[in-house]
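K.L.:
I have a structure I would like to understand better, so I am pasting it below and will then ask my questions one at a time.
The values are calculated or read from the model by the stated rules, or taken from the named source; none is laboratory data. Being a predicted model, the structure only gives us computed values, none of them experimental. Here Cβ is always computed from backbone atoms with ideal geometry, including for glycine, and neighbour counts include all displayed protein chains.
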Amino acid sequence: MNKKSKSAAIKRSGFGDEFVWGVSTSALQTEGASHADGKGPSIWDEFAKGKKNILNNDSPEIACDFYTKYKEDIALVKMLGIPNFRFSLSWSRILPDGIGTINKKGIEFYHKVIDTCIESGIEPWITLYHWDLPETLQQKGGWTNREIINWFEHYVEVCIKEFKSKVKNWMVLNEPMVFTGAGYFLGVHAPGKKGIGSFLSAMHHAVLCQAIGLRTIKKMQPDAIVGTTYSCSFITPQSDSERDKQAAKRIDALLNRSFIEPSLGLGYPMETLPFLKKVEKYIKPGDEELMRAEFDFIGIQNYTREVVAYNFFIPFLKAKLIPADKRKVFHTQMDWEVYPEAIYQMVKKFSKYKGVKKIFITENGASFPDEIIDGIITDTARENFLKSYLEQVLKAKQEELKIKGYFVWSLTDNFEWAEGYHQRFGLIHIDFNTQQRTIKKSGYWYKDFLAG
Ligand code: IFM
């Protein structure tokens, strides 16, 4: 249990002048205004209506009210000296039904956000899809319907046409493993679907969409810098037994390899994870080519490591994750082990792929309970978390791995999906009753760090 950081001296200059520094958010988690100005419902607006889907029955309806407070929040990004701001576009704010009529007010909103960034000297990095599918498309099967490749292509075309003169850096999907796994296999995220068939079809269509998204952007904006982002965890077996080691490999294949490898022309990792063979049912002639994508960069989003044990009773995987609290290791409020070396191991792992050109950490951060005392939030645990992970990023950089930048998750506390407002990842605290923003000690630390 190493709660204290040994890394007080970590300095921005150690990463070099070209290293990209930023902070990340997403539309659904911050914007609120779920029904304002012609926005259509997303699967998360719908999911939040279901009792017990979201902790405390929280809803994304108001969230951080970024929709009206975007100027204030971007001013805070500027005040903290953060040069790059990663956020996402809400598909159903732009196309309320997912396809068809464009919502002018939605487009106007994102122009205002982008313009405010640019006027403030902040580079916008935009994610096209961060989990908030238009509900109308879900009514037609959502990610399980192969038509999504046309719906998505159309949505990307609309966005690029509108914003290409102002935005250079694009990310196609955010963490496809999470939105297909949690949303279409486990049913714990929107749209709450369960089962292997819905998962594998959603997975295959997401793999196709990440490549189609890339090609659409490049066709319309040849000088765009395009990536896509993957969640990843450093996987270690619980013991040296062969069964645990094989179980760890299967989890690694599922969590870390199943979306990037088909895009690099390596196919799905079926040899390690035989149940993935069932995906063949959804593969059409020509898909192997269609899945290939030469991204300018990939974003990797790492928070922790997972310890894995063989378990006969877990279907398909025969493996289970041992929760951090059971292992009695220092962990965040999400029960994610604080394990800084994980981020180094992930940069190393992804750097080994020949087809990966550049890597950005597009998310890293921690949820800890925050206490406001006399208007001050002394979130030392979060500050130490960031320092200790950054130390490992620096190690990766010094070893000349492909790492080129780092974005903290997140700018503000926000709507943490099925966890509602209970989990707080922000550098800036939000009082969700008053919408008051308070910069945490970790936010000031990041400011000082960036100021050198
Ligand atoms: O809040 C999420 C984000 O939307 C995707 N990556 C992980 C974060 C923390 O859970």
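K.L.:
Mind counting the residues in region 32-54 that are under 14 Å from Ala190 (Cβ atoms) and modelled with pLDDT of 95 or more?
P.N.:
Residues in region 32-54 being under 14 Å from Ala190 (Cβ atoms) and modelled with pLDDT of 95 or more: 12 in total.
K.L.:
Another one. Within region 387-421, which residues are of a type outside the set (D, E, K, R), in contact with a Lys or Arg (Cβ under 8 Å, 6 or more places away or on another chain) and away from the ligand (no atom under 12 Å from the Cβ)?
P.N.:
Ser388, Ala396, Leu401, Ile403
K.L.:
Take the residues in region 59-91 that are among the hydroxyl-bearing types (Ser, Thr, Tyr) and under 18 Å from the mean Cα position of the chain (by Cα); name whichever of them is surrounded by the most Cβ atoms within 10 Å (Cβ to Cβ).
P.N.:
Ser90
K.L.:
Let me ask something else about it. Look through Lys52, Lys39 and report the one residue that is under 29 Å from Gly299 (Cα atoms) and either away from the ligand (no atom under 16 Å from the Cβ) or hydrophobic (A, V, I, L, M, F, W, C) (or both).
P.N.:
Lys39
K.L.:
Is region 323-336 home to any residue that is under 21 Å from the mean Cα position of the chain (by Cα), buried (at least 21 other Cβ atoms within 10 Å of the Cβ) and not in a loop (DSSP other than H, G, I, E, B)?
P.N.:
Checked against the condition, which is being under 21 Å from the mean Cα position of the chain (by Cα), buried (at least 21 other Cβ atoms within 10 Å of the Cβ) and not in a loop (DSSP other than H, G, I, E, B), region 323-336 yields no hits at all.
K.L.:
Give, as residue ranges, the helices (runs of 4 or more DSSP H) completely inside region 122-199 that count at least 3 residues that are within 16 Å of the ligand (Cβ to nearest atom), in contact (Cβ under 8 Å) with a residue 24 or more places away in the chain and within 15 Å of Ile43 (Cα to Cα).
P.N.:
176-184
K.L.:
Only one residue in Ile94, Ile10 is β-branched (Val, Ile, Thr) and either more than 30 Å from Leu390 (Cβ to Cβ) or out of contact with any helix residue (DSSP H, G or I) (no Cβ under 8 Å at 6 or more places or on another chain) (or both). Which one?
P.N.:
Ile94
K.L.:
Moving on to the next point. Considering each residue of region 355-375, count those that are loosely packed, with under 14 Cβ neighbours inside 10 Å and in contact (Cβ under 8 Å) with a residue 40 or more places away in the chain, and give that number.
P.N.:
3
K.L.:
Among the residues of region 16-25, is there at least one that is of a type in the set (S, T, N, Q), within 16 Å of the ligand (Cβ to nearest atom) and modelled with pLDDT of 95 or more?
P.N.:
Yes, region 16-25 contains a residue that is of a type in the set (S, T, N, Q), within 16 Å of the ligand (Cβ to nearest atom) and modelled with pLDDT of 95 or more.
So that you can scan it fast, the table gives a plain yes or no per residue for (1) free of Cβ contacts under 8 Å to residues at least 40 places away in the same chain; (2) surrounded by fewer than 22 Cβ atoms within 10 Å (Cβ to Cβ):
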{"position": "Lys249", "(1), (2)": "yes, yes"}
{"position": "Gly267", "(1), (2)": "yes, yes"}
{"position": "Met270", "(1), (2)": "yes, yes"}
{"position": "Lys277", "(1), (2)": "yes, yes"}
{"position": "Ile283", "(1), (2)": "no, yes"}
{"position": "Leu290", "(1), (2)": "no, yes"}
{"position": "Glu294", "(1), (2)": "no, yes"}
{"position": "Ile300", "(1), (2)": "no, no"}
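K.L.:
If Asp240 satisfies every condition in (1) part of a loop (DSSP other than H, G, I, E, B); (2) touching a residue at least 24 places away in the same chain (Cβ under 8 Å); (3) acidic (Asp, Glu) but one, which is the exception?
P.N.:
So the condition that Asp240 fails would be (2).
K.L.:
Among Ala182, Ala224, which is the only one that is surrounded by fewer than 22 Cβ atoms within 10 Å (Cβ to Cβ), at pLDDT 95 or above and under 15 Å from the mean Cα position of the chain (by Cα)?
P.N.:
When all the criteria are applied, what remains is Ala182.
K.L.:
Also, I was wondering about something else. Quick check on my filter: what residues within region 195-235 are touching a strand residue (DSSP E or B) at 6+ places or on another chain (Cβ under 7 Å) and among the basic types (Lys, Arg)?
P.N.:
Hit for region 195-235 is Lys218, nothing else.
K.L.:
Let me ask you something else. Can you pull out every residue in region 417-442 that is assigned to a loop (DSSP other than H, G, I, E, B) and either surrounded by 16 or more Cβ atoms within 10 Å (Cβ to Cβ) or in contact (Cβ under 8 Å) with a residue 40 or more places away in the chain (or both)?
P.N.:
Selection gives Gly420, Tyr421, His422, Gln423, Arg424, Phe425, Gly426, Leu427, Phe432, Gln435, Lys440.
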